[in-house]
2 protein chains.
Amino acid sequence: MQRYFIPASGWQEGKVIITGEDAHHIKRVMRMTEDDEIICCTPDGRAALCQLEVVTEDDIKASIVRWLDEQKELPVNVTIVQGLPKGDKMELVIQKGTELGAHEFIPFAAERSIVKWDGKKAKKKIERYQKIAKEASEQSHRTQIPQVNDVHTLDQIASLQSYDWKLFAFEDEAKSSTYRSLKEVIPNLTEEQSVLIVIGPEGGLSEKEVDVLKTHEFLSVRLGPRILRSETAHAYILSSISYQLEELNQ
Amino acid sequence: MQRYFIPASGWQEGKVIITGEDAHHIKRVMRMTEDDEIICCTPDGRAALCQLEVVTEDDIKASIVRWLDEQKELPVNVTIVQGLPKGDKMELVIQKGTELGAHEFIPFAAERSIVKWDGKKAKKKIERYQKIAKEASEQSHRTQIPQVNDVHTLDQIASLQSYDWKLFAFEDEAKSSTYRSLKEVIPNLTEEQSVLIVIGPEGGLSEKEVDVLKTHEFLSVRLGPRILRSETAHAYILSSISYQLEELNQ
């Protein structure tokens, strides 16, 4: 069933007012009319089965049939800090990362990132990525849309405090005090904890970046024994966390 | 360190003879000379540290310094049966599936596959995909190259016998006798078992395809609670198996 994320302004006492692109999609693309049903999601992640009541030129009014008890979100909030990769790979990371349950994305201007974003270009890209995240949330039946943040520098990443787990993907010496195996991390995640993981661009994280992250108490983790491309890493960590928390722990 | 997969003919009593594209890569792209070191993999999955001895116009002769004890392959053989997806998505599945440890790929001409491959076109595509698999194995430091098979029909897939586990990704009723949660499957995998998993194209598997697979004792599994795109599913299952067998079980 079609799913739409409706902003706060659209929710009014048991009714939902749908406008703009979503209204256009319902009327012109899906060609729905009165009595047809859709799913509407609130900004805070609840989903309701709704029935269309009035379809006009300007907007659509729907009534809430019932609230749905959907458990479609990962029990922990995973923030993917992605070193800017080449070409359109970031779009794939945003899209598939959203399908796989990421809570938030932070594009990271890494030392070895070939691409650089200037102010105007960055703004346009972030808007585009946010749109991709919204579409991917709808298609994967999530009840929340991951936020796509502005590009961060190494110092900004290193200064992030409010995360229960701060990790970076790096093939480190297993004896290093800053190394943790995924076995020490993932089974110890508890509901509603927040996980931040830094993934380097093609060429990986530089020695300086690794030092700065370690100094700021980030722990290195290995994502299996094979080397993964920059744009594949997020899929490994998100799938592993989902498998542990949403399949094994059930 | 650069890694090359050398065919059987190249291995001769402690020496390795490298020819063709690999020799060209070593000489012209990497610009290596005598005494430089590389890693050479045998067809049966062993890896050796080698030192270049003689570099000529025609070929390169290297000596084996020592055999490496590399555990880079998934302990189980996972065959990804991928419903033909649109555009160049199959290339991404082959590339990332290889990074993530797949043993074999079988392209599947599903009922809802938009793309159809005729004989000539299929042959060229398979060759291209096999090349992508080889490059991805080298870059991910694997010791084996996954095989890319010819396109299979539903009946050919259904008739496959020699697998310990035959699965298909499908959001089935949890009470159905043919449904298994990943919790019942993945922790029960033992070393050297073979796993076959069928993934539908965009639009999913048809009712008829699901019936045929169930009749042939395929079990349906859910890949987390979110709907994944056709080209994302392989990453979820491979990552989950890797996480269980290569991280949790260690």
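The values are calculated or read from the model by the stated rules, or taken from the named source; none is laboratory data. Bear in mind that the values here come from a model prediction, so they are computed numbers and not experimental data. As a convention, Cβ positions derive from the backbone with ideal geometry for all residues, glycine included, and neighbour counts pool all protein chains shown. Remember, those area values only see protein heavy atoms, side chains included, never the ligands or the DNA or RNA. Shrake-Rupley method; radii C 1.70, N 1.55, O 1.52, S 1.80 Å.
Structure values in brief
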read-out: Rounded, prolate or oblate (a/c below 1.5 giving rounded, otherwise prolate when a/b exceeds b/c) for the range A:77-247 by Cα gyration tensor; value: oblate
read-out: Estimated distance in nm for a label pair at B:S9 and B:E184, the labels positioned 7 Å out from Cα along Cα-to-Cβ; value: 5.0 nm
read-out: In degrees, nearest ten, helix A:89-99 long axis to first principal axis of chain A (Cα); value: 60 degrees
read-out: Residue-normalised accessible area of the protein assembly as shown, expressed per residue, 1.4 Å probe, Å²; value: 47 Å²
read-out: Cα gyration tensor category, rounded, prolate or oblate, for the range A:144-212 with a/c compared to 1.5; value: oblate
read-out: Dipole of the range A:3-68, positive end: most advanced residue of A:G45, A:T33, A:Q12 [Cβ charges, Cα centre]; value: A:G45
read-out: Derived scalar couplings ³J(HN,Hα) [the range A:112-126; Karplus, 6.51 cos²θ - 1.76 cosθ + 1.60; whole Hz; x for Gly, Pro]; value: 8, 5, 6, 7, 10, 10, 8, x, 5, 4, 4, 4, 5, 5, 4
read-out: Within the range A:51-81, backbone nitrogen closer than 19 Å to the virtual label 7 Å beyond the Cα of A:S194 toward Cβ; value: A:73-81
read-out: Area buried, chain B against chain A - accessible surface, total, 1.4 angstrom probe, square angstrom; value: 3400 Å²
read-out: Gain in span if fully extended, B:D211 to B:R128, counting 0.36 nm per residue against the direct Cα distance; value: 26.6 nm
read-out: Loop-located GluC sites (Glu not before Pro) in the range A:1-43 whose Cβ has at most 13 other Cβ within 10 Å (DSSP); value: A:E13, A:E34
read-out: Average other protein chain Cβ within 10 Å of Cβ, residues A:229-235; value: 4
read-out: Global form of the protein assembly as shown, assessed from the alpha-carbon gyration tensor, a/c cut-off 1.5; value: prolate
read-out: Label-reachable residues, the range A:200-221, where backbone N falls under 16 Å from a point 7 Å from A:S177's Cα toward its Cβ; value: A:211-220
read-out: Extended-chain gain in nm, criterion 0.36 nm per residue less alpha-carbon gap, A:Q161 and A:K121; value: 11.6 nm
read-out: Carbon and sulfur %, accessible surface of the range A:77-247 computed with the full protein complex present, 1.4 Å; value: 47 percent
read-out: Value of [θ]222 nm, deg cm²/dmol, for the protein assembly as shown, DSSP H segments ≥ 4, -39500 (n - 2.57) each, nearest 500; value: -7500 deg cm²/dmol
read-out: Per-residue HN-Hα couplings for the range A:18-35 [Karplus 6.51, -1.76, 1.60; θ = phi - 60°; Hz; x = Gly/Pro]; value: 10, 10, x, 4, 5, 4, 4, 4, 5, 6, 9, 8, 7, 6, 7, 9, 3, 5
read-out: Dipole in debye (nearest 20) - the range A:116-250, about Cα centre, beta carbon charges: Lys, Arg +1; Asp, Glu -1; value: 560 debye
